[in-house]
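Contents: one structure, followed by commentary.
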Amino acid sequence: MAEVESGVACSISSRAHDLHFRSLVIDTHVDTTQRLLSGDFDLGAAHADGSIDIPRMREGGVGAIFFAVWIPGTVTGAEAVERALAQIEAVHRSVARHSHDLVLARSAADILSARAAGRIAILLGVEGGHMLNHDLGVLRQYADLGVRYMTLTHMRNTDWADASTDAPLHNGLSDFGKDVIREMNHLGMAVDVSHTSDKAVADVLATSDAPVFASHSSCHAICATPRNLRDDLIRAIAAKGGVIQINFHMGFISQKFREAEKAGAQFEREIEAEVKRRVGDDHGRFMIEADNVVREMVAEGKLPRVEWTDILDHIDRAVKIAGADHVGLGSDFDGANMPYGMEDASRLPQITDALLDRGYSEEDIQRILGGNALRFLQNVEAFAQPSLQK
Ligand SMILES: [Zn+2]
């Protein structure tokens, strides 16, 4: 489509364009860190593949973005810590290399000063408690290095928390898991309940003094995957002052896509085998190539096509359940299969346009784009021990 080629910003209303670019836009989850590990990837160049680089973040009006530190849940112990530290270092290096455009943010205040200086705030989130190696000292080390949230699990249980996609092992959180939550509160680090089992989320809500959030999860009522949040948990997270950051992944926003994927149990194996054949063990290429393979399968009619506008249905649902003060954006760019029309960060202004079309007020749209996430981070910081506050 010509209008897309000439830039998404041009194809939206001028009111939406104006509103979007004067708003603070925060995306709380992208997996671009994996790409930074393969030496030649330059965040400063415009890329034809993947979803995130500086030019496309600029085009999409991104003000702050969380780079996930991720390794497979099968990697544990000291090796997990070592690899997490290498990823944190890779993010630090990329930010330093592009200091004209980027700045590492360690607080909500840092996000605001980055914005005032015309830079994009880069923040760190650790995706999976297996990277703690059962050691609160490691958690404090991550906090020192600028990590602002931690997801308690990835797809598998950790040795102290149950994952939504694994068989329950701890009936939610173990006693050590509760210690982790309390220490995160003391450090002013946000507790991320994306990926954790429903019982673990309930345990987190009962244990944490500070509000908690889901950095990249959508609504279970629309798409019944264990990775999405049921209405009662959305309500409970909001009641505690938290936010639900809507994930854009096709398999999490479209029930039709999820069912087709599940019905063809061979699909997942087929996709994985094909991607492995193309990229081997290069994690930086894995998800991006997986997205290519999925798109080929959509073109062949094996999987249904999911449009980006489905994201809006999840925002509507979460707003209906929790209120516009408790919903935001956690795209999962570079770590998932993006719906058609939302291939990369440059497409984000379309969300503002669509929310205006759906009758949202400008104030509510600004909250959803980033205001809620910012307030949430401020509230979490307020629970940090005074000795740890600057
Ligand atoms: Zn994830």
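The values are calculated or read from the model by the stated rules, or taken from the named source; none is laboratory data. Predicted, not measured: the structure shown is a model, and the values here were computed from it. Methodologically, a virtual Cβ is constructed for each residue, glycine included, from the backbone with ideal geometry; neighbour enumeration extends over all protein chains shown. Keep in mind that these areas ignore ligands, DNA and RNA; they rest on the heavy atoms of the full protein, side chains included. Shrake-Rupley method; radii C 1.70, N 1.55, O 1.52, S 1.80 Å.
Listed values, structure above:
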| item | result |
| --- | --- |
| Entirely in segment 221-266, the helices (runs of 4 or more DSSP H) that have 3 or more residues that are at pLDDT 95 or above and within 20 Å of the chain's Cα centre (by Cα) | 231-239, 250-253 |
| Flag for residue 162 being in contact (Cβ under 8 Å) with a residue 24 or more places away in the chain and surrounded by fewer than 18 Cβ atoms within 10 Å (Cβ to Cβ) | no |
| Of all residues making up segment 301-357, the number that are open to solvent by less than 20 Å² (accessible area, probe 1.4 Å) and assigned to a strand (DSSP E or B) | 4 |
| Residue, farthest from the ligand (Cβ to nearest atom), within segment 243-284, restricted to residues that are of a type in the set (Gly, Ala, Ser) and in contact with a Leu (Cβ under 7 Å, 6 or more places away or on another chain) | 260 |
| Hits in segment 68-99 (condition: within 16 Å of the ligand (Cβ to nearest atom) and open to solvent by 10 Å² or more (accessible area, probe 1.4 Å)) | 70, 72, 73, 74, 75 |
| Members of segment 146-192 found to be more than 15 Å from the ligand (Cβ to nearest atom) and among the hydroxyl-bearing types (Ser, Thr, Tyr), listed by number | 174 |
| Segment 100-155, residues that are polar (S, T, N, Q) and open to solvent by 10 Å² or more (accessible area, probe 1.4 Å) | 107, 113, 133, 141 |
| Selection within segment 168-205 - within 23 Å of residue 336 (Cα to Cα) and surrounded by fewer than 19 Cβ atoms within 10 Å (Cβ to Cβ) | 198 |
| Residue check, residue 227 within 16 Å of the ligand (Cβ to nearest atom) and of a type in the set (Lys, Arg) | yes |
| Complete set of residues in segment 335-360 that are within 16 Å of the ligand (Cβ to nearest atom) and modelled with pLDDT of 95 or more | 338 |
| First in segment 93-104 and closer than 16 Å to residue 67 by Cα, second anywhere and in a helix (DSSP H, G or I) and charged (D, E, K, R), Cβ under 9 Å, 6 or more apart | 101/58; 103/110; 104/110 |
| Some residue of segment 13-27 being within 30 Å of residue 160 (Cα to Cα), open to solvent by less than 20 Å² (accessible area, probe 1.4 Å), within 16 Å of the ligand (Cβ to nearest atom) and in contact with a helix residue (DSSP H, G or I) (Cβ under 6 Å, 6 or more places away or on another chain) | no |
